[in-house]
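Novice: Structure in structure tokens, see below.
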Amino acid sequence: MSRILDFIPYARFLGVTVDRSSGALECVLPFREAIVGNTVLPAVHGGVIGAFLELTAILRMVDESGTDRVPKPINFTIDYLRSAGPATTRARADIFKLGRRVAVVHVVAWQDDPARPVAAGNGKFLV
């Protein structure tokens with residue numbers, strides 16, 4: 001996975017890593033000042049959260065398929081559920097359908113408690 005992350009410029013910029021300590025693939029977005037969108041709160045920029053969700057979905061599909069071929073997004077929608085504060089954000093993706101040409105994926109991101117997500121995403125990808 002780290003080899004794939006090295007080829008994705010925004011993954012390198014965000015500093016995203018992959019963790020499998022819980023048994024499932026989880027992506028980790030470390031907090032730093034460069035990703036703050038609202039300095040008053042402070043809160044992680046919504047675009048960073050969206051990119052992180054999409055990246056998590058892509059990495060999950062690559063992991064499931066066992067190939068290095070990167071899926072192409074067809075569409076991706078994001079539900080922002082609460083502000084992502086100055087803390088590490090984690091995300092996990094579930095594949096609902098992995099067909100020959102199209103995959104449907106749901107992603108959830110949280111900070112301290114997986115039961116209190118900060119954002120969720122749904123996407124369709126060309127595989």
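The values are calculated or read from the model by the stated rules, or taken from the named source; none is laboratory data. Fair warning: this is a prediction, and the values are worked out from it, not measured in the lab. Reconstructed Cβ throughout: ideal geometry from the backbone, glycine too, with neighbour counts over all protein chains shown. Surface areas here come from the heavy atoms of the whole protein model, side chains and all, with no ligands, DNA or RNA. Shrake-Rupley method; radii C 1.70, N 1.55, O 1.52, S 1.80 Å.
Novice: Determine one quarter of the surface area of the Cα convex hull of the range 65-117, which equals its mean projected area, and express it in nm² to one decimal.
Specialist: With every direction weighted equally, the projected area is 4.9 nm².
Novice: Also, quick follow-up: With a 1.4 Å probe and every protein chain kept in, tell me what percent of the accessible surface of the chain is carbon plus sulfur.
Specialist: Here carbon and sulfur together make up 54 percent of the probe-accessible area.
Novice: If you don't mind, another one. Quick check for you: with a 1.4 Å probe and neighbouring chains kept, what is the accessible area per residue of the chain, in Å²?
Specialist: 54
Novice: Using 0.36 nm per residue of separation minus the Cα-Cα distance, give me the extension gain between Ala24 and Asp113 in nm, one decimal.
Specialist: 30.4 nm
Novice: To the nearest 20 debye, what charge dipole does the chain have about its Cα centre, counting +1 at the Cβ of each Lys and Arg and -1 at the Cβ of each Asp and Glu?
Specialist: About 400 debye.
Novice: Please give the per residue volume of the convex hull enclosing the alpha carbon atoms of the chain, rounded to a whole number of Å³.
Specialist: Spread over its residues, the Cα hull of the chain gives 98 Å³ apiece.
Novice: Taking the Cα centre of the range 58-124 as the origin and placing charges on Cβ (Lys, Arg +1; Asp, Glu -1), which of Ala119, Leu81, Thr67 is farthest toward the positive end of the dipole?
Specialist: Farthest towards the positive pole: Thr67.
Novice: If you take the square roots of the eigenvalues of the alpha-carbon gyration tensor of the range 1-50 and sort them as a ≥ b ≥ c, do you get rounded (a/c under 1.5), prolate (a/b over b/c) or oblate?
Specialist: Note, shape of the range 1-50 comes out oblate.
Novice: For the range 1-115, what is the relative contact order in percent, using Cα pairs closer than 8 Å and at least 6 residues apart in sequence?
Specialist: Normalised by residue count, the contact order of the range 1-115 is 25 percent.
Novice: Using packing as a proxy for protection, rank 85-96, 70-81 so that the peptide with the highest average count of other Cβ atoms within 10 Å comes first.
Specialist: Order by mean packing, descending: 85-96, 70-81.
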